[in-house]
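Participant: Have a look at this one.
None of the figures in this text is laboratory data; all of them are computed from the coordinates on show. All figures in this text were calculated on a predicted structure; none of them were measured in a lab. Virtual Cβ from ideal backbone geometry, glycine too; neighbours counted across all protein chains shown.
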Amino acid sequence: MNYRTLIFTIAALAISIGGVHASGWDDARSIAMAGSYTAVARGYDAIGFNPANLALPDAQGTAVQIFGVGSMVNNNAFSMGDYNKYNGAYLTETDKRDILAKIPDEGLRFRGNSAASMLSFSFGQLAVSTTVEASGSGEVSKDIIDLAFFGNRIGQTIDINGSDGEALAHVDLNIAYARQVKTFEWGDLTAGINVKYIYGIVYFDIADATASVVTRTDGINSDGSVTVRSAMGGSGFGMDLGTAATFRGDWVFSAGIRNLISTISWKTDAEETEYMYTATSLTAESAGDDSTVISDEITHDLGSFSTSLAPQINLGAAHELGAFLVSADLKFGLRDRAGVSTTPELSVGSECNYIHFLPIRAGIGLGGLNGASLGLGAGLRVSAFSLDFAWASSGTVTPSMGRGASLAISSGLRF
């Protein structure tokens, strides 16, 4: 892996961990309602959830996005309370065992997602948007942390496998269109499609990582290897489909599949690098001896390789009750990838519009990338202008015990 690839890889990871590959992370209204937004999204917002919403009767008109930005970061073991407790503290034997007990047997997993968009617009049944998305995920074997805390007994061999990681950043140019399919006595049925050109910025994947450690009386013997596939540019396309229906005037049902078809061909600096090392009789005194630790790096030019974005199914329902809007969503990915989980996510949310210029929103979610989550947010409406803020916990509905968080702010004009 050359120097330029390494710099861009680190940058991509920083973007993703600093905070979305699953669309909607840059929409504050969606985050505040814990993602229960598939039947609520209108105008250019519909692109990330279900393009068929563009043809719903209440979606007509013109909308222009000023900006939208949001991010999420979480893990499967530690809360903010744990961080505050152990950060900078002297770790006793009991502390180390408590920390290790919090990590699931499958390892410490972390995820980060970020998205930003600007100057998207919708006019009637047509919408266009440009979104920059970044996502990253990784897993560290529990054995590595155990070894770091408690070391290795004389004569014991530890095989450290199961660590992996993936990071991806890309720009999507979306063009969506929807139309009314048929009008029934109970309401309208619509269908929509979104076609997107995908410009790949960077891709990084740990294809394989193995290591073994043996502690002997004369020192530590260890060997291992890490295989990394990476690229610095590519392009491709994708397609989303959906259908939506109104029912008795105040119900909306919506179903969409994101990335039904997608492919990115990575051609710029596409390579695979294998890092290998061997340590023999390693001790504190011999650590600086070049003959004790031998490492090597082999890089293969791949020419090109292809990846795809994981398909995700979004199912939603929404109902208006006077000044209240209530909604529910069920989402799940068809493959586990950075930013998408096959674990189903069920969420419910509400928006209160008693004060027309100051809508208040809240939602609760279970499953998916976040586990349990609590969303909160508010908006400001002044004539056609809107400004929305949102925060959501990750891993629990108790903010102080959350294992991550999401933040988003978005603004637009609707006429």
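Participant: Report the far tail of the P(r) of segment 125-170, meaning the percent of Cα-Cα pairs longer than 16 Å.
Facilitator: In whole percent, the long-distance tail amounts to 62.
Participant: What Kirkwood Rh does segment 129-257 have if only Cα atoms enter the pairwise 1/r average? Answer in Å.
Facilitator: On the way: mean 1/r = 0.0513 Å⁻¹.
By the Kirkwood definition, the hydrodynamic radius is 19.5 Å.
Participant: With θ set to phi - 60° and the Karplus curve 6.51 cos²θ - 1.76 cosθ + 1.60, what are the ³J(HN,Hα) couplings of segment 261-278 in order, to the nearest whole Hz, using x for Gly and Pro?
Facilitator: In residue order, the calculated couplings are 10, 6, 7, 10, 9, 8, 10, 8, 6, 6, 8, 10, 10, 10, 9, 10, 8, 9 Hz.
Participant: Now a separate question. Between segment 137-181 and segment 322-345, what's the alpha-carbon centroid distance in Å?
Facilitator: Each part's Cα centre sits 21 Å from the other's.
Participant: Based on a Kirkwood Rh over C-alpha pairs, give the Stokes-Einstein translational diffusion coefficient of segment 74-130 at 10 °C and viscosity 1.306 mPa s in µm²/s.
Facilitator: The diffusion coefficient I find is 105 µm²/s.
Participant: In terms of modelled amide H atoms, which long-range or inter-chain residues lie less than 5 Å from the amide H of S120?
Facilitator: Close amide H contacts, sequence-distant or interchain: Q65, T130.
Participant: Right, another one. Under the Karplus relation 6.51 cos²θ - 1.76 cosθ + 1.60, θ = phi - 60°, what is the ordered set of whole-Hz ³J(HN,Hα) values for segment 301-309, x standing for Gly and Pro?
Facilitator: 7, 8, x, 6, 8, 10, 10, 9, 8
Participant: While we're here: How many lysine pairs in the chain, separated by 8 or more positions in sequence or lying on different chains, have Cα atoms less than 26 Å apart?
Facilitator: Value for the chain: 7.
Participant: Ordered by residue, what ³J(HN,Hα) values in Hz, to whole numbers, does segment 316-324 give under the Karplus form 6.51 cos²θ - 1.76 cosθ + 1.60, where θ = phi - 60° and Gly and Pro are x?
Facilitator: Calculated HN-Hα couplings, in order: x, 9, 9, 9, 9, 10, x, 7, 9 Hz.
Participant: Kindly rank 352-359, 240-247 from highest to lowest mean number of other beta carbons found within 10 Å of each residue.
Facilitator: Ranking the peptides 352-359, 240-247 by packing returns 240-247, 352-359.
Participant: Ok, one more. Using only DSSP helix segments of four residues or longer, with each worth -39500 (n - 2.57), what per-residue ellipticity at 222 nm results for the chain after dividing by its residue count and rounding to 500? Present the calculation step by step, with values, prior to reporting the outcome.
Facilitator: Details: 5 runs with 46 residues, N = 415.
One gets -3000 deg cm²/dmol as the mean residue ellipticity at 222 nm.
Participant: For the ranges 80-92, 51-63, what's the packing order if you count other beta-carbon atoms within 10 Å of each residue, average per peptide, and put the highest first?
Facilitator: Output ranking for 80-92, 51-63: 51-63, 80-92.
Participant: If you don't mind, another one. Starting from the Cα gyration tensor of the chain, multiply each eigenvalue by 5, take the square root, and state the resulting semi-axes largest first in whole Å. Walk me through the numbers before you get to the answer.
Facilitator: On the way: eigenvalues 403, 123, 54 Å².
After diagonalising the Cα gyration tensor, the semi-axes are 45, 25, 16 Å.
Participant: Continuing with the same structure: Nearest 20 debye, what's the magnitude of the dipole of the chain about its Cα centre given +1 on Lys and Arg Cβ and -1 on Asp and Glu Cβ?
Facilitator: In debye, rounded to 20, the chain gives about 1620.
Participant: Rank Y199, W186, T292 by how far each Cα sits towards the positive end of the charge dipole of segment 3-414 (+1 on Lys, Arg Cβ; -1 on Asp, Glu Cβ) and give me just the farthest.
Facilitator: W186
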